[in-house]
Amino acid sequence: MKITKTLLAASLISAVTPASAGEVEVLHWWTAGGEANAISVLKDMLEQQGYSWIDFGVEGGGGESAMRVLRTRAVSGNPPSAANIKGPDIQEWARLGFLTNLNSVANPEHWDDVIPKMITNVMKYDNHYVAVPVNVHRVNWLWANSEVFAKAGAKIPTSMDEFFTAADKIKAIGLIPLAHGSQPWQNATLFEVIALDVLGAKDYIKAFVDLDMDTLGGEKMIEVFTQFKRVRSYVDNNSPGRDWMTATSMVIKGEAGMQIMGDWAKGEFSAAGKVPGKDYVCAPAFGTAGKFTYNVDSFAFFDLQDEENFKAQQALASTILDPKFQEVFNLNKGSIPVRLDMDMSHFDQCALDSMREFKSSAKTGDLVPSMAHGMSTTSYVQSAMFDVITNFFNNPNETPKEAVQRLTKVVKSSM
Ligand code: GAL
């Protein structure tokens with residue numbers, strides 16, 4: 001089910017279109033069902049205001065391919081208007097002089113007052129906005145097929161031990177316990193969820209934000225890899241190269257019992273007409289209730305010469321934070337709005353739980369940035385971590401201790 005523009009129809013801006021309205025070219029990697037529905041809302045709203053939309057969608061979950069294409073385009077002097085760039089990488093692009101100043105939109109629209117400071121800090125460089133946040137995704141989710149769980153006589157796990165019990169029961173009825181695609185970013189997504197459980201929020205931050213060598217190389221990290229290997233044994237042999245949405249559809253169809261994935265997976269359940277609490281369950285991934293791994297999608301805006309295109313960019317920036325857009329986009333995307341002043345009455349239980357825990361975890365110190373989704377480090381450090389994690393995932397002979405030694409070594413050399 002596509003949660004469409006009907007919600008928007010009544011309220012869309014009846015813009016007076018300038019004679020030669022500019023265009024926006026927008027780079028993203030939102031090509032799965034729920035994601036494509038979500039980005040098309042932005043396109044429609046821009047076009048309704050008279051601007052042209054050039055879609056620059058690059059396939060590949062997690063966005064590694066998109067970022068490669070972006071670097072080539074930017075270096076050759078032909079960047080798009082905006083690109084989905086996240087976390088510390090925004091500062092890198094700004095520092096290199098690629099990004100524009102959005103304060104002419106941000107100040108009159110009071111972005112500082114409606115977006116959490118923790119997020120505006122990341123969107124600003126040198127005291128001015130260079131990027132606009134779209135949403136807040138929670139990464140540490142477990143998605144479960146209700147019917148599979150009933151058939152297996154299993155209970156939704158709240159701890160790692162309960163996960164193994166449920167997984168064994170699902171295996172016993174001949175189904176795949178854990179739907180997973182072995183791609184570096186998906187392996188890292190699974191890994192960081194286990195890390196959050198084993199390390200706790202404080203040490204998670206020491207390891208993946210502060211890059212503290214004692215924590216990265218410590219006993220608890222060896223335990224993270226040990227549990228990672230154990231969880232991995234519940235993944236089927238066809239996982240290499242599988243896309244995340246294919247894994248999600250295995251849970252939707254009842255071929256697999258569970259998936260650990262951020263709530264863009266919910267976009268797929270929604271697009272397939274599935275209802276949370278009935279067809280499927282969303283629960284905090286084992287052992288991480290009350291903790292929240294955040295992944296904020298944001299668009300960084302490039303410095304363009306053309307005046308009309310700059311105006312189109314400003315309209316794009318303003319539309320992204322329009323409450324009507326925030327609602328329809330996030331209903332499709334599976335995330336929660338980035339504005340804290342939103343009416344949440346159209347959102348489902350998963351989104352309400354997410355919003356509640358987003359706010360409460362910020363108070364208890366349990367709100368942590370996702371390493372797998374570019375929130376905690378630069379992409380250089382992140383890709384070094386991806387290598388170690390994926391190598392370990394694929395190599396049955398590497399021991400957790402060896403993996404931890406490699407982790408500290410490669411992180412040191414990429415800092
Ligand atoms: C994340 C991104 C999400 C979703 C996911 C799968 O990095 O933040 O919006 O698209 O990748 O591609």
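Quick look at the values:
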{"quantity": "Filter result for Glu192 (in contact (Cβ under 8 Å) with a residue 40 or more places away in the chain and open to solvent by 50 Å² or more (accessible area, probe 1.4 Å))", "calculated": "no"}
{"quantity": "Enumeration of residues in the stretch 384-399 that are part of a helix (DSSP H, G or I) and either in contact with an Asp or Glu (Cβ under 7 Å, 6 or more places away or on another chain) or surrounded by fewer than 17 Cβ atoms within 10 Å (Cβ to Cβ) (or both)", "calculated": "Asp387, Asn391, Phe392, Asn394"}
{"quantity": "Test: Glu92 is touching a Leu at 6+ places or on another chain (Cβ under 7 Å) and surrounded by fewer than 22 Cβ atoms within 10 Å (Cβ to Cβ)", "calculated": "no"}
{"quantity": "Residue check for Lys43: within 30 Å of Gly273 (Cβ to Cβ) and basic (Lys, Arg)", "calculated": "yes"}
{"quantity": "Some residue of the stretch 121-143 being surrounded by fewer than 20 Cβ atoms within 10 Å (Cβ to Cβ) and over 30 Å from Val58 (Cβ atoms)", "calculated": "yes"}
{"quantity": "Failed criterion for Asp214 (all others in (1) under 23 Å from Phe358 (Cα atoms); (2) among the acidic types (Asp, Glu); (3) assigned to a helix (DSSP H, G or I); (4) open to solvent by 20 Å² or more (accessible area, probe 1.4 Å) hold)", "calculated": "(1)"}
{"quantity": "Pairs, first not assigned by TED's automatic domain parsing to the domain that holds Ser40 and among the aliphatic types (A, V, I, L, M) in the stretch 250-274, second open to solvent by 10 Å² or more (accessible area, probe 1.4 Å) and in a helix (DSSP H, G or I), C-beta under 7 Å, six or more apart", "calculated": "Ile252/Glu268; Ala256/Met250; Ala271/Gly33; Ala271/Asn37; Ala272/Ile252"}
{"quantity": "Number of positions in the stretch 172-189 that are among the polar types (S, T, N, Q) and open to solvent by 10 Å² or more (accessible area, probe 1.4 Å)", "calculated": "2"}
{"quantity": "Count of residues meeting criterion [part of a helix (DSSP H, G or I) and under 16 Å from the mean Cα position of the chain (by Cα)] in the stretch 38-60", "calculated": "2"}
{"quantity": "Top-ranked residue of the stretch 24-82 - restricted to ones that are in contact with a strand residue (DSSP E or B) (Cβ under 7 Å, 6 or more places away or on another chain) and hydroxyl-bearing (Ser, Thr, Tyr), ranked as surrounded by the fewest Cβ atoms within 10 Å (Cβ to Cβ)", "calculated": "Ser52"}
{"quantity": "Meets criteria (of a type outside the set (A, V, I, L, M, F, W, C) and in the same structural domain as Thr288 (by TED's automatic domain parsing)) for Pro133", "calculated": "no"}
{"quantity": "Thr246 being part of a helix (DSSP H, G or I), out of contact with any helix residue (DSSP H, G or I) (no Cβ under 9 Å at 6 or more places or on another chain) and open to solvent by 40 Å² or more (accessible area, probe 1.4 Å)", "calculated": "yes"}
{"quantity": "Members of the stretch 58-69 that are under 11 Å from Pro80 (Cβ atoms) and within 14 Å of the ligand (Cβ to nearest atom)", "calculated": "Val58, Ala66"}
{"quantity": "Residue in the stretch 70-126 that is nearest to the ligand (Cβ to nearest atom), counting only those that are touching a residue at least 24 places away in the same chain (Cβ under 8 Å) and among the hydroxyl-bearing types (Ser, Thr, Tyr)", "calculated": "Ser81"}
{"quantity": "Residue list for the stretch 241-271, filter: closer than 16 Å to Ser354 by Cα and within 12 Å of the ligand (Cβ to nearest atom)", "calculated": "Met261, Gly262, Asp263, Trp264, Ala265, Lys266, Gly267"}
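The values are calculated or read from the model by the stated rules, or taken from the named source; none is laboratory data. The shown structure was predicted, so the numbers you read here are calculated from the model rather than taken from an experiment. Please note: Cβ atoms are built from the backbone with ideal geometry, for glycine as well, and neighbour counts cover all protein chains shown. Heavy atoms of the whole protein, side chains included, go into the accessibility calculation; ligands, DNA and RNA do not. Shrake-Rupley method; radii C 1.70, N 1.55, O 1.52, S 1.80 Å.
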